Structure formats: structure tokens, C-alpha cells
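The values are calculated or read from the model by the stated rules, or taken from the named source; none is laboratory data. Bear in mind the structure is a predicted one, so any value in this text is a computation, not a measurement. No Cβ is skipped: glycine too gets one built from the backbone with ideal geometry, and neighbour counts run over all protein chains shown. Side chains are part of the model used for accessible areas, which takes the heavy atoms of the whole protein and leaves out ligands, DNA and RNA. Shrake-Rupley method; radii C 1.70, N 1.55, O 1.52, S 1.80 Å.
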Amino acid sequence: MDFVKISLILVSCFVFSAKAQTTHTNNWAVLVDTSRFWFNYRHVANVLSIYRSVKRLGIPDSQIILMVADDMACNPRNPRPATVFNNANQHINVYGDDVEVDYRGYEVTVENFVRLLTGRLPPGTPRSKQLLTDEGSNVLVYLTGHGGDGFLKFQDSEEITSQELADALEQMWEKRRYHEIFFMIDTCQAASMYEKFYSPNILAVASSLVGEDSLSHHVDPAIGVYIIDRYTYFALDFLEKVEPDSKQSMGEFLKVCPKQVCISTVGVRKDLFPRDPYKTPITDFFGALRPVEFTWAGLNLTSKTTIKGKPKNLEKKEKVKLQYVQQFPSHLFETSKS
């Protein structure tokens, strides 16, 4: 009995310390691929790689918004239909068997993206297309595609600027739609997209600095195109070793792709983020939070129970006379008297 009590106290202390380190109540992910056409296969692999990781670590599909501009799994050029791989050895099919795409094809627009973040969606929008966050939500925002100095292209037909993105995040803060945001972007000159941020509680990382290109990792000869970008490749390699109870920190994750392997310089912005990234668990953004109520109160199962405010001894049971009901309701067969 003493061993059981000691174990419960240790578990309670662990839960209490874990709860004291974080104040958010739920996790969400917004994952966006902005590119179309077969030669941009790698961008679909990028976003599906992050999708696979956050889902494996516990964030449910109901709290993941996945925007994919082109469906490479169903592209007629794909020699392996219904699959998307991110390595030449085809070890991981990131498309999987249960991918839930919320915005696909021409639904992936700047307007829909900004409306999603700010909550300004038309009436009747399905729940699966809404970001139902609150002031207790930690949100992972991941973007991949083609970018330049201060802009990110959407489907080669329009673009979102760094100022527009910064203003959208500020609207989220003013409307209490997030607690903390981890902004992650893999494009050319990616760091330019977080330079305009001015809202609090945002940690940002970019695959390249202003003036640098974000490069691809390798070609799959069987597919004939580049199948993943360098930064996301090494980020996924790190995330594959993370478990829901892992102790890795965001500080470690920010260093996953040094310049000798990434070729581009990874940019980090943490002046808006109040916590030390090395003391911030990676699961605060890539995992799911399961709220636990901590209490010292005990429950005595051997005492008398209370029913409607009056104690009643379980050993003394009132005798209740039971009888069978009639098989058929008799009133249905009675004839009325006139």
C-alpha cells in the first residue's frame, strides 16, 4: 500500500510540474502548400511531412488545417498513384491512408488563408475549414512554396506580402485567437516573411535569409523531380525521433539544419517570444496537450454514500416488492362502453 501511495505522489508531482511549465490548453496546426504543377512535387512532400509528424505526435485532424494547392498523389505523371514520398528510397509514404485535406486546388488562395487566420469566414463554412482557436491555443503555422523578398506566391497567380501576414497575425492576437505561435516557413528568402511581425508570443524560423535561395535536397530517379526541400528534410529527420513524452526542446529544433547541410542560412526570430526556446518543449507546438486536473483531495470508497444530501448506509437496503408487467397492454383490448 505504501508503494502505491508513493507512486501516486510521484505521478502527481510530475503532472504538476509539467502543467506549471505551460499555460496553453490546446494545440492547432495550419499547414499550407502554395504551389501547383508537377515540378513542385517537393512542396507537397514538404507539407505532408509536417502533417504526418504533428498527427503522429497527437494533434487530431479536427485541429489541423491542411491546405494543398495540387494533389500530386493523383497526378497522371505520378508513377506510383496514391503515394507521395519524401526520400529516394521510398521509406515513408507521407500521403498515408488517412490524409484529410481541408483546402485543395483553387481553394488555396491568399483570401482564404487570411480569412482562416482571422476567423472572417462566410456563414455556413464547414467546421473542418475553420480555425477554432482561442486565447489558450498554441498554433503551428507552416508555409512552403515559392517566395521572394517580402512575399510568398500562391499558385503563381497571386501573392501575400510580409506586411499582410503580420497584420493577419495581429488581428488574431487582438481577437484572442492564440496563446503562442510557432511560425515556420520553407521558401526562398523566407526570413523576409517574419521581419514585419509585431505581435507578441511568436517564435519564427525560416529556411533562408533575405537574398538566399532555399534549395532542394535530392531527386528520385523513378519520379523524375526533386521530392523534398533541404530544410524540411532535416526537420522531418529530427521530428521522426520525437515521441509524445520526449524532452527535446524548441531550441534544439531551431538548429536542425546547419549551413553545411542546408547550404542556405536558417533564420530565427525570437525577440517576440517571452520564453527560452531551450526550456520550451517541442511538443508545445508539434504535439497534443491533454489537460489534467491536479488535486490533493482523496476519495474514500468505503464511507457512506450521500443521496440527495442524506447519508444512506449501503449495507441496509430497503425491501422493494417487484412484479412482472403485463405482456400486452390490456387497455388496447378493452372495448369502450357507450
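Here are a few things to note about the model shown:
- Projected-area average for region 96-171 over all orientations - Cα convex hull basis, square nanometres: 6.5 nm²
- Modelled label reach - residue 38, point 7 Å along Cα→Cβ, region 73-108 residues with backbone N closer than 17 Å: 73-85
- Span per principal axis, largest first, for the Cα atoms of region 239-280 (Å): 32, 28, 9
- Rg/Rh for region 28-80, where both radii come from Cα atoms and Rh is the Kirkwood radius: 1.01
- For residue 176, net neighbour charge (Lys/Arg +1, Asp/Glu -1) across residues whose Cβ lies under 10 Å away: -1
- Karplus (6.51, -1.76, 1.60) ³J(HN,Hα), θ = phi - 60°, over region 277-285, in Hz, Gly and Pro reported as x: x, 6, 10, 9, x, 5, 6, 5, 10
- For region 102-190, carbon and sulfur atoms together expose 47% of the accessible surface, with a 1.4 angstrom probe and every protein chain in place.
- All aspartates and glutamates inside 16 Å of residue 129 as judged from Cα atoms, apart from same-chain residues fewer than 8 positions distant: 33, 61, 100, 102, 107, 111
- Residues whose placed amide H lies under 5 Å from that of residue 208, excluding near-sequence neighbours: 187, 190, 191, 267
- Label sites at residue 23 and residue 74, each approximated as a point 7 angstrom past Cα along Cα to Cβ, lie 4.5 nm apart.
- Environment charge at residue 103 (Cβ cut-off 14 Å; Lys +1, Arg +1, Asp -1, Glu -1): -3
- Averaging over all projection directions, the Cα-based convex hull of region 97-249 occupies 11.1 nm² in the image plane.
- Heavy-atom surface of region 110-266, accessible at 1.4 Å and reported per residue (Å²): 41 Å²
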